[in-house]
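Computed from the coordinates by the stated procedures, all read-outs in this text should not be read as laboratory data. Note that the structure is a prediction, hence the values are computed from the model and not measured. Because the Cβ atoms are built from the backbone with ideal geometry, glycine has one as well, and the counts that use them run over all protein chains shown.
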Amino acid sequence: MAGTEPVYIAGAFEHPTREAPDKSTMQLHAEVAKGALEDATLEKGDVDGYFTAGVPEYDSGLPPLIMADYLGLEPSYADTTDFGGSSYVSHVGHAASAIRDGRCDVALVTLAGRPRSRGQATGSGVRGLRTVQDSFERIYGATNVTMYGMAARRHMHEHGTTSEQLAEIRAAASHHAQYNEQAMYQEPVTVEGVVESRVVADPLHLLDCCVISDGGGALVVVSEDVRSDLGRECVELLGFGESIGHHDAGRIDLAKTAADRSGSRAFDEAGLGPDDVDYASIYDSFTITVLEAIEDLGFCEKGEGGSFVEGGTLRAPDGDLPFNTDGGGLCSNHPANRGGMTKVIEAVRQLRRETNPEVQVDADVALAHGTGGSIGTRHGAATVVLGREDR
Amino acid sequence: MSWDPRPVPDVTPETERYWTAAAQGELLVRECQECGFVYHYPRSLCPDCFSEDVEWRESSGRGEVYSYSTARTMSGWPEDDLPLVLAYVELEEGPRLMTNVDADPSAVEIGTRVAVEFRDVDDSEIAVPVFVPEDG
């Protein structure tokens with residue numbers, strides 16, 4: 001598939017808020033849409049493609065209709081694929097396909113939500129039964145954090161991974177967050193600080209878990225024709241892949257994710273491999289989410305993620321694989337409980353040299369990876385490989 | 001929301017036999033007569049080959065803990081049912097199913113041999129399978 005028409009990310013905007021008690025979720029969508037279009041030096045009237053997973057707090061809202069209505073859009077192409085938090089990484093790939101098909105030229109992707117202001121017990125609260133699967137899972141009190149706890153436990157059992165190794169991931173993220181004035185938690189933490197924090201669902205501690213924040217983000221994906229008229233530096237989409245991992249009718253493997261498939265598809269399309277990646281945004285709902293993705297994306301052998309993250313590997317600017325230089329979902333922002341959007345945004349900032357100078361990496365190629373849903377039951381995996389225009 | 005004593009599953013035409021058998025003390029799995037796949041949760045078409053020739057099969061109700069995690073606080077779950085051990089148990093027939101291990105968390109490890117028990121819910125026609133350590 002390499003060699004098809006190039007597609008670019010022209011605009012990327014992360015909402016500065018982390019708590020928005022006085023705004024509606026729809027207002028946040030509009031604010032990030034405006035921010036990303038301004039960043040791209042484009043106008044609202046230029047948008048002819050629209051992508052979102054909708055408004056998670058509305059059970060059923062016919063997302064493309066209420067969003068187009070509220071935002072005043074008239075798209076010739078719309079996509080509301082919902083994989084959970086990885087959706088927005090998928091939307092970048094879906095937008096590229098639509099652009100290459102000639103369905104649209106300027107695709108707007110938006111995310112917003114207010115779980116913090118709404119007091120949502122994101123990680124540790126029971127939820128009602130809606131799907132067939134819920135009657136075999138949620139009736140046992142399955143929560144996000146216990147499901148990821150089971151994954152961490154299994155990974156430790158099979159590969160000897162330790163809590164201290166998982167804690168290295170949080171410590172690296174917090175090292176980056178200290179330079180991000182918008183991060184929810186800017187205080188650096190040590191490995192000891194993580195493993196000494198309260199156990200939420202063993203073996204996961206409080207500091208193995210991401211923040212709960214209000215906010216959102218948006219991206220603008222454009223065709224070559226549109227890019228060539230922009231004065232703005234853009235980032236090229238070099239490759240995209242997605243996949244779904246699930247319970248597999250009883251054969252679930254908690255120690256691996258579908259990132260092996262999404263990653264290899266993205267690398268194949270880009271004609272690149274893990275060794276070519278200078279910076280990586282990796283979805284971090286929990287530390288174990290990062291560890292499994294690092295292995296499955298091929299940055300190290302399966303089972304060696306624990307030793308891989310030791311010794312500052314993930315720390316910018318000098319580590320071998322600088323990751324989540326905004327502080328990630330673990331320390332900075334996890335808007336709407338969906339971190340795929342901010343993963344792409346920070347990768348774009350890195351490639352445009354717009355991230356915080358202390359953690360700016362000299363990156364020509366960046367990867368952003370999302371994990372949506374739960375690796376404890378079923379999840380979406382989506383990977384994009386991005387490159388500087390002048391690489 | 002809150003659940004007390006335990007959540008009642010939604011019973012559908014496809015899953016009714018599974019839940020009512022549980023009230024009779026039987027744990028059922030599905031077995032495809034076409035390809036031989038034994039699977040969980042119940043589906044009328046085999047999720048491997050889409051054959052509609054699938055039968056119910058009684059599980060031995062025994063297996064071992066594939067993984068687990070313990071919740072000590074949980075909003076919405078009955079306080080006196082905490083800590084709660086969430087687990088995947090791998091049945092002797094093969095499938096890994098999500099469940100609770102109803103035991104002191106210190107008695108649970110990956111590989112712990114467990115056997116099924118059934119817990120009543122508000123609907124007396126059905127029951128919910130959970131597991132306990134075989135030695136305990």
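Of all lysines in the structure, the ones whose alpha carbon falls short of 20 Å from that of A:LYS256, not counting any fewer than 8 places away in one chain, are A:LYS302. What separates the Cα centres of the range A:131-186 and the range A:306-355 is a distance of 16 Å. Comparing A:GLU196, A:GLU31, A:GLU242 in a Gaussian network model of chain A where C-alpha atoms under 10 Å apart are linked, the largest mean-square fluctuation is found at A:GLU196. Of the residues A:GLY119, A:GLY85, A:GLY327, the one that moves most in a GNM of chain A with alpha-carbon contacts below 10 Å is A:GLY119. Dipole orientation for the protein assembly as shown: of the candidates B:TYR39, A:ALA270, A:VAL359, A:VAL359 has the Cα lying most toward the positive pole (charges on Cβ; Lys, Arg +1; Asp, Glu -1). For A:LYS44, the lysines whose Cα comes closer than 27 Å to its Cα, not counting residues fewer than 8 places off in the same chain, are A:LYS23, A:LYS34, A:LYS343. GNM on chain A, alpha-carbon springs under 10 angstrom: the most fluctuating residue among A:ARG232, A:ARG153, A:ARG338 is A:ARG232. Close amide H contacts of A:SER281 (hydrogens built in the peptide plane, cut-off under 5 Å, sequence separation of 5 or more or a different chain): A:ASN324, A:LEU367, A:ALA368, A:HIS369.
Expressed in whole Å with the largest first, what are the equivalent ellipsoid semi-axes of the range B:1-135 derived from the C-alpha gyration tensor as the square root of 5 times each eigenvalue? Please report the intermediate quantities before stating the final value.
On the way: eigenvalues 138, 68, 31 Å².
Sorted largest first and rounded, they come to 26, 18, 12 Å.
Inter-chain Cβ neighbour count for A:246-257, averaged per residue, equals 6 (cutoff 10 Å, partner chain atoms only).
Does the protein assembly as shown classify as rounded, prolate or oblate by the C-alpha gyration tensor (a ≥ b ≥ c root eigenvalues; a/c under 1.5 gives rounded; else a/b over b/c gives prolate, otherwise oblate)? Kindly include the intermediate steps, with their values, before the conclusion.
Details: a/c = 1.82, a/b = 1.57, b/c = 1.16.
Verdict is prolate for the protein assembly as shown.
DSSP beta bridges in chain A, what fraction antiparallel, as a percent rounded to 5?
75
For chain A, what does the helix formula give at 222 nm: sum of -39500 (n - 2.57) over DSSP H segments with n ≥ 4, over the residue count, nearest 500 deg cm²/dmol? Write down the numbers at each step before the final one.
Numbers: 13 runs with 126 residues, N = 391.
That comes out to -9500 deg cm²/dmol.
Modelled spin-label separation between B:VAL8 and A:ASP275, with each label point placed 7 Å from Cα along the Cα-to-Cβ direction: 6.2 nm.
For n ≥ 4 DSSP H runs only, could you compute -39500 (n - 2.57) per run for chain B, divide by its residues and tell me the 222 nm figure to the nearest 500?
On the way: 1 runs with 8 residues, N = 136.
Roughly -1500 deg cm²/dmol at 222 nm, from the helical runs in chain B.
Take every Cα pair under 8 Å in chain B that's 6+ residues apart, average their separations, divide by the length, and report that relative contact order as a whole percent.
On the way: 284 pairs, mean separation 34.1, N = 136.
With pairs under 8 Å counted, the relative contact order is 25 percent.
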